[in-house]
Amino acid sequence: MSMGRIICAGLGPGDPDLMSLRAARAVQGAGHVAYFRKAGRQGQARRIVEGMLAPGCVEYAMEYPVTTELSADSAAYISVLNGFYDDWATRLEKLAATEEVVVLCEGDPFFYGSFMHLHVRLRGRVEMEIVPGITGMSGCWTATGRPITWGRDILTILPGTLPQDELARRMRESDAFVVMKTGRNLPKIKRALVAAGRLEAAVLVAHGTTRQQRIVHVSEMAEGDCPYFAVVMAHGGAGRE
């Protein structure tokens, strides 16, 4: 019996041209691909590789059982998601016993990537290769046309799910910062920016590097107008520009 494996291909920030050669080769040569998506959606990872898959490639859409219907820190949400990841880890392990399976992951798999939930379950059970990718935040700050950091600047990466006071404290202490997981957290993020005195310096980049890319000052954003694939950032380099 031939041995298979799992390759998790980091697809980069959204523009297919920013995928690494290694990731592109894995995607184009794949006989089996799996990817996360919301029910009824194509999924961002699948959208990035549109037109790249070989004829006959078998697709496995790993559809989240819940997204925002339940609170992310509720016991019910955690239980449902754990069952979902357990189930897909078992299915992929079984498939990878004889086949090579490419799991598609936006950005870099080990930087807030959903694949990490499968990796921790599959480690030691199946052979895996992780292909790193350009992070979404790197694509976004490059899109602004300004360096995110200079010299001895300290860059802080913040999940937008943090409490408002914690966000404000970290923003205040950092030369430059990036806030991930914005979406419906934007009103709280804006309040934290005001409290930290950083609102006027903050920009939001939505769908960075794609044709839908949008860059706006956070102070001008309508609070209900923030897609999930967006980051808020403040650049460092005070006094240099």
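The values are calculated or read from the model by the stated rules, or taken from the named source; none is laboratory data. In this text, all values refer to a predicted model and were calculated from it rather than measured experimentally. Neighbour counts are summed over all protein chains in view; Cβ atoms, including those assigned to glycine, are modelled from backbone coordinates with ideal geometry. The area values use the complete protein model at the heavy-atom level, side chains included, leaving out ligands, DNA and RNA. Shrake-Rupley method; radii C 1.70, N 1.55, O 1.52, S 1.80 Å.
The range 28-70 and the range 196-232 have Cα centres separated by 26 Å. Protein heavy-atom surface of the chain, 1.4 angstrom probe: 51% of the accessible area is carbon and sulfur, with nucleic acids and ligands not counted. Restriction of the trypsin sites (Lys or Arg not before Pro) in the range 113-184 to DSSP coil positions whose beta-carbon has at most 11 other beta-carbons within 10 angstrom yields ARG123, ARG152. Per residue, the chain exposes 51 Å² of solvent-accessible protein surface, assessed with a 1.4 angstrom probe and all protein chains in place. The radius of gyration of the Cα set in the range 63-202, together with its Dmax, comes out at 18.4, 56 angstrom. Counting every Cα pair in the range 134-180, what percent are over 15 Å apart? Of the Cα pairs, 48 percent sit more than 15 Å apart. Dimensions of the range 1-114 based on its C-alpha atoms, expressed as ranges along the principal axes with the largest first, amount to 40, 38, 25 Å. Taken about its Cα centre, the range 10-120 carries a charge dipole of roughly 180 debye when the Cβ of each Lys and Arg holds +1 and the Cβ of each Asp and Glu holds -1. Look at the alpha carbon pairs under 8 Å that are at least 6 residues apart: their mean separation over the length of the chain gives a relative contact order of 22 percent. Largest accessible area first, the residues GLU129, GLU99, GLU50 order themselves as GLU50, GLU99, GLU129 under a 1.4 Å probe with ligands, DNA and RNA left out. Cα-based values for the chain, radius of gyration first and Dmax second, are 19.1, 63 Å. With a cut-off of 12 Å between beta carbons, the residues surrounding ALA96 carry a summed charge of -1, where Lys and Arg count +1 and Asp and Glu -1.
Among beta bridges from DSSP that stay inside the chain, the antiparallel ones total about 35%. Loop-located trypsin sites (Lys or Arg not before Pro) across the range 5-67 with a Cβ neighbour count of 16 or fewer within 10 Å are LYS38, ARG41, with loop assigned by DSSP. Note on the chain: GNM, Cα springs under 10 Å; of ALA89, ALA192, ALA222, the largest mean-square fluctuation is that of ALA222. Electrostatic bookkeeping for LEU199 treats Lys and Arg as +1 and Asp and Glu as -1; over the other residues with beta carbon under 10 Å from its beta carbon, the sum is +2. Projecting the Cα atoms of LEU11, ILE215, LEU167 onto the dipole axis of the chain, where Lys and Arg carry +1 and Asp and Glu carry -1 at the beta carbon, places LEU167 farthest toward the positive end.
Seen from ASP15, the other residues with C-beta closer than 13 Å to its C-beta sum to a net charge of -1, counting Lys and Arg as +1 and Asp and Glu as -1.
Over the chain, DSSP H runs of length four or greater, each weighted -39,500 (n - 2.57), average out per residue to a 222 nm ellipticity of -9000 deg cm²/dmol. About its Cα centre, the dipole of the range 135-216 is roughly 280 debye, where the only charges are +1 on Lys and Arg Cβ and -1 on Asp and Glu Cβ. Here is the result for the range 70-168: no chymotrypsin sites (Phe, Trp or Tyr not before Pro) lie in DSSP coil with at most 14 other C-beta atoms within 10 angstrom of their C-beta. Tell me which of MET233, VAL66, GLN42 sits at the most positive position along the dipole axis of the chain, charges placed on C-beta atoms (Lys, Arg +1; Asp, Glu -1). The listed residue farthest towards the positive side: MET233. Only helices reaching 30 angstrom along their own axis (Cα) with mean Kyte-Doolittle hydropathy no lower than -1.0 count here, and for the DSSP H runs of the chain these are 75-96.
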